[in-house]
Ligand code: VG1
Ligand code: CO
């Protein structure tokens, strides 16, 4: 028998009503998380859920812990370790300096057979005391907790009467090795190792190194997020890309004051650099926690939907890890249907899921799909259970090295063969939540009457609120976004964001398919649809704004 530990305190608490995880974990203003016991309550609720799931009395085995390095990361890690120790978690694996990218967290959970992991990140949202913070729980397959689990966590937060915390000293996060806190082993691990090994097993690092030796040029913008150290290690050390290939490579608590969001708006400097004379062959960036990516050729932005389709098209031919072919592909509902056409040509299934990576987990676990993607700059495969920004860059490096073609040639060839999905997402940020809900409710009511009417020059063939039945476990997720499908293959999709921390964000997704006219200016092709979406939603009337805040 171990002697009773006396440094554990049980602190009475009252629930916070707003701890329901959204599309990707619990995201709030940093100051909300800093207000004791906000973080304590949530972490205790997660541990209660995990313990309940593991079976009463069973100690929680291994948990993984890490974050994207944003402001409050270190404090939150030390607090979480004290709570884990008080709850007698068997072992906690922490990334050195408190860092782990989202896909690396997934890799560690899988390779070390952990029960789950806590990831401290608000992804691409800005960081700092007046910006955003977040916590996400991942389960034993390495992926985000599915809805059933996040709902149980939410239930726990609402019932919470106390949390447990151990009065133990801070762990030195800078040094790899093991410390013991009461009965809990805390091991500081190299955040790069498991992840790099998985990537090495998929990609032909020798061929990529040779391509750099022959003068291939990459610029990778880590946006002062967590991928700086990963990018330097993989591109510059393992693949021999010249020093300076990685820019903004040091993780900063406030990401240098920017949004670490790899899109045309927030990665503007990189976009400009790729438009200059003598630009590198490939430009890429990742978001704060390393799961998103942007891919740029010289003067060319590859939309995430096209990138997903092209990676699917070339994977078996250009990447050793997929030489045996793909079991299937999946995309989130609002993502363009470009990948559907490639799947059809490859004669593999293509699944359509709600927004959020958690919906891909079951399909990948069941061996039904290999590659997945979202329009929100997320691509990945079943090597982990998260989207993976650096993986996407390695896919493009492999395609370019193995075909010897430029990004532009690859994209053009894709459009000539399959046609082009013109795609844009229009975000209206900072809306009044009640008004935005009302606006969508009114449209939802009208959906039945839309079929057969003309919209933006084409007939509506179907209009509904997307409801997903998981083909693996039969679970149903309703209300996943309004979609209006037109006879010419165009679509308008509208939904509210589940990751924001201020007011509501309306996302309007516009997609227009052209089989032959693949070189039109995108604004011109999409403007009739944009107009039609506006007329349907009446954004101005309900929310008092007429223009989107961000177009990607
Ligand atoms: C957004 C994206 C979604 C993505 C999610 C998390 O969600 O639309 O595709 O999975 O962010 O990405 P929402 O509910 O705001 O539309 V990340 O990089 O924040 O983990
Ligand atoms: Co992210």
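We did not get these values from a lab; they are worked out from the coordinates using the rules stated. Please read all numbers here as calculations on a predicted model, not as lab measurements. Cβ placement follows ideal geometry from the backbone for every residue including glycine, while neighbour counts extend to all protein chains displayed.
Things worth noting here:
- Overall form of the range 36-130 per C-alpha gyration tensor (a/c, 1.5; a/b vs b/c): oblate
- Relative packing of peptides 73-86, 370-383, 439-452 - highest average C-beta neighbours within 10 Å first: 370-383, 73-86, 439-452
- Alpha-carbon centroids, the range 5-55 and the range 201-271: separation in whole Å: 35 Å
- Distance from the C-alpha centroid of the range 399-423 to that of the range 316-339: 15 Å, rounded to the whole angstrom.
- Residue ranges 515-527, 387-399 sort as 387-399, 515-527 when ordered by packing (mean number of other C-beta atoms within 10 Å per residue, highest first).
- Rounded to 5, percent antiparallel among DSSP beta bridges of the chain: 70 percent
- Of all beta bridges that DSSP places with both ends in the range 53-205, some 40 percent have antiparallel geometry.
- Tensor-based shape of the range 454-552 (alpha-carbon gyration tensor, a/c under 1.5 rounded, otherwise prolate or oblate): oblate
- When only Cα pairs below 8 angstrom with a gap of at least 6 residues are kept, the chain shows a relative contact order of 13 percent.
- Expected 222 nm ellipticity per residue - DSSP helices of 4 or more, -39500 (n - 2.57), all of the chain, to 500: -10000 deg cm²/dmol
- Residue order, fewest to most beta carbons within 10 Å, for 179, 184: 179, 184
- Among 196-209, 107-120, the order from most to least packed when residues are scored by Cβ within 10 Å on average: 107-120, 196-209
- The chain shape via C-alpha gyration tensor axes, a/c threshold 1.5: oblate
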